[in-house]
Structure formats: C-alpha cells, structure tokens
Amino acid sequence: MHQDLAAFYENPKVPNSFGGVEALHRSVKGKYSKKDVKHWLSQKDAYTLHKPVRHKFQRNRVLVSDIDRQFQADLVDMQSLAEFNKGYNHSYHRSIKMEPVSVSRHNRKQVLKNLYGGLRNEKPKAPRFKIGDVVRINKQKLHFEKGYEQNWRRELFIVFEIVQRIPIVYRLKDLQGEEIKGTYYEAELQKVVDSGFYPVENVIKQRKRRGITEYFVKILGYPLKNLIFCPAQSSR
C-alpha cells in the first residue's frame, strides 16, 4: 500500500500530488479507504507539518460568578480625559442590560443571567483524541508570514489527560514524559503516527564506543534538552 500511495503523493507529475486526504483518495480511485489514506498521510512530514490550521473554533467560556471575582485593568493615565468619560458608569451596557453603577449584590443574579443567559446543562462531546495519542501542536503564524512555511511544530507530544470542559481540552507531555504547561483545544492538535524519523539539525560532537562512532546531535525542531548520542549509521 505504501508504494502505491507514494507513487501518487510524491510524484509532482500527478495533479493531486502533495495534497490532502480527499485529493489523494481521488487519485487512487477508491483503491484504499479514506481511513487508510489518512493513516498513511499522518506519517508524512510533508503533510502533517503543512496541514491547514483551523483558527476559528469554540473556546471555553470564562464565567464570572460574582462581583469582584475578576478584574481586568490597563495602567493608563486618563486624568487628562476625565471630562470626556464621566458618563461611562451611567451609560447603558448591552451585555448586562443596565448601567454599571446600578449593579449591586442585590441584583447580581439578574446581572449574571443577563450576561450569560440561561446556562444550559451541556454535556461535552466525545473526545477526538485518546490518552496515549501522539500529536503535533499548531504553530501560530502572524497574518503576513509566508504560506509555504510549516503550520505545525515538528516536536511530537503525547496526550496524557482529557479535561471534560465545553469544549474538551487536553494536557500533553513531551516524549521524555515532562508535562507541558497549559491545555490545548482539539483544533490546536493533530494526531500523527510517529514514523521514527528525526532529522538532525546540528552535530555537536562525536565519540567512539566499542569501535562504533557516535554523534552527539540536536534533533531538528526539538529543544536542547533532547540532545542525544546516536550511531553514525542512523544519523545519515
């Protein structure tokens, strides 16, 4: 199967070469299922590193349950504009459906209802990823960065916890078992198959052990803590 799919995917003469799952599936004319095609592509850096990133998706809501539970402030000197913003606290706000000066502990429940509506007892959807899945994290790009640059980080991570929120988020560990701070949405992750291929970025030094030459190398896209010794044959 690998040779057949590679003949279409890696051949620039084929119109759908280096495309996505749908394009490659059309090229093989139904010889393989979409599931098989997707699994094969998940091993290919050319696909997983440049797969389009989804930017618009549902995020977790931040619910402020009471007065003085959350503060947001910018340190800006507004004294010179005092005469222009005196009416802010007495102006009607669409979000809370009243003036801020009218908010008190007596009507806080109504303010909460106005702000968030009737909170429904939503249940999280089934998670897309499982504990132990190998994933990539998307690489946030600026608006004017080149489109041909990769959209996903080369470093691989492992899902170790599924957090039941709406929507679901995930906690990750690196390949050395160190926990990554923060949580990630499904749209920020991509399940891949670890092909075992790790390009070498730099050779730091070399040594000889039991007659075998080994190189101390930095793996492309991985932090310095991942420096390793590898035999000369495997680093070619």
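Being exposed (fewer than 15 other Cβ atoms within 10 Å of the Cβ) and of a type in the set (S, T, N, Q), is that true of even one residue in the range 180-194?
no
Please enumerate the residues belonging to the range 49-76 that are within 31 Å of the chain's Cα centre (by Cα) and of a type in the set (Val, Ile, Thr).
Val53, Val62, Val64
Identify, by number, the condition in (1) modelled with pLDDT under 85; (2) under 27 Å from Asn138 (Cα atoms); (3) surrounded by 10 or more Cβ atoms within 10 Å (Cβ to Cβ); (4) among the aliphatic types (A, V, I, L, M) that Val37 doesn't meet.
For Val37, the failing item is (1).
Only residues in the range 4-24 that are under 16 Å from Lys35 (Cβ atoms) count as the first member; pair them with residues that are β-branched (Val, Ile, Thr) and part of a loop (DSSP other than H, G, I, E, B), Cβ under 9 angstrom, at least 6 apart or cross-chain, and list the lot.
Pairs that qualify, where the first residue is under 16 Å from Lys35 (Cβ atoms) and the partner is β-branched (Val, Ile, Thr) and part of a loop (DSSP other than H, G, I, E, B), are Asp4/Val28; Leu5/Val28.
With respect to Ala46, determine if the residue is part of a loop (DSSP other than H, G, I, E, B) and either farther than 30 Å from Ile168 by Cβ or out of contact with any strand residue (DSSP E or B) (no Cβ under 9 Å at 6 or more places or on another chain) (or both).
Numbers: part of a loop (DSSP other than H, G, I, E, B): no; either farther than 30 Å from Ile168 by Cβ or out of contact with any strand residue (DSSP E or B) (no Cβ under 9 Å at 6 or more places or on another chain) (or both): yes.
In short, no.
Can you name the residue in the range 77-100 that is among the hydroxyl-bearing types (Ser, Thr, Tyr) and under 24 Å from Gly117 (Cβ atoms) and is also nearest to the chain's Cα centre (by Cα) among such residues?
Restricting to residues being among the hydroxyl-bearing types (Ser, Thr, Tyr) and under 24 Å from Gly117 (Cβ atoms), the top hit is Ser95.
Out of all the residues in the range 137-145, is one or more in a strand (DSSP E or B), among the acidic types (Asp, Glu) and free of Cβ contacts under 8 Å to residues at least 24 places away in the same chain?
Within the range 137-145, the subset in a strand (DSSP E or B) is 137-138.
Pick out the ones that are also among the acidic types (Asp, Glu) and you get none.
No, the range 137-145 contains no residue that is in a strand (DSSP E or B), among the acidic types (Asp, Glu) and free of Cβ contacts under 8 Å to residues at least 24 places away in the same chain.
What's the number of the condition Phe197 fails, among (1) touching a strand residue (DSSP E or B) at 6+ places or on another chain (Cβ under 9 Å); (2) over 15 Å from Ile131 (Cβ atoms)?
Of (1) touching a strand residue (DSSP E or B) at 6+ places or on another chain (Cβ under 9 Å); (2) over 15 Å from Ile131 (Cβ atoms), only one is false for Phe197: (1).
Looking only at the range 21-43, count every residue that is under 20 Å from Val134 (Cβ atoms) and either of a type outside the set (Val, Ile, Thr) or assigned to a loop (DSSP other than H, G, I, E, B) (or both) and tell me the total.
Restricting attention to the range 21-43, the residues satisfying the condition of being under 20 Å from Val134 (Cβ atoms) are 21, 35-43.
With the extra rule that they be either of a type outside the set (Val, Ile, Thr) or assigned to a loop (DSSP other than H, G, I, E, B) (or both), the set shrinks to 35-36, 38-43.
Of the residues in the range 21-43, 8 are under 20 Å from Val134 (Cβ atoms) and either of a type outside the set (Val, Ile, Thr) or assigned to a loop (DSSP other than H, G, I, E, B) (or both).
Picking from Gly147, Gly132, which residue would you name as being over 30 Å from Asp66 (Cβ atoms), loosely packed, with under 13 Cβ neighbours inside 10 Å and either in contact with a His (Cβ under 6 Å, 6 or more places away or on another chain) or modelled with pLDDT of 90 or more (or both)?
Unique residue meeting the criteria: Gly132.
Could you check how many residues of the range 135-144 are over 24 Å from Val200 (Cα atoms) and at pLDDT 95 or above?
Selection size over the range 135-144: 0.
Report yes if some residue within the range 119-128 is modelled with pLDDT under 90, out of contact with any Asp or Glu (no Cβ under 7 Å at 6 or more places or on another chain) and surrounded by 12 or more Cβ atoms within 10 Å (Cβ to Cβ); otherwise report no.
Within the range 119-128, one or more residues are modelled with pLDDT under 90, out of contact with any Asp or Glu (no Cβ under 7 Å at 6 or more places or on another chain) and surrounded by 12 or more Cβ atoms within 10 Å (Cβ to Cβ).
For the range 65-94, how many residues meet the condition of being at pLDDT 75 or above and surrounded by 10 or more Cβ atoms within 10 Å (Cβ to Cβ)?
Number satisfying all stated conditions: 9.
Just one of (1) hydrophobic (A, V, I, L, M, F, W, C); (2) under 18 Å from Leu63 (Cα atoms); (3) at pLDDT 95 or above trips up Ile162, so point out which.
(2)
The values are calculated or read from the model by the stated rules, or taken from the named source; none is laboratory data. Everything quoted here is computed from the prediction, not taken from an experiment. Glycine also receives a Cβ, built like all others from the backbone with ideal geometry; neighbour counts cover every protein chain displayed.
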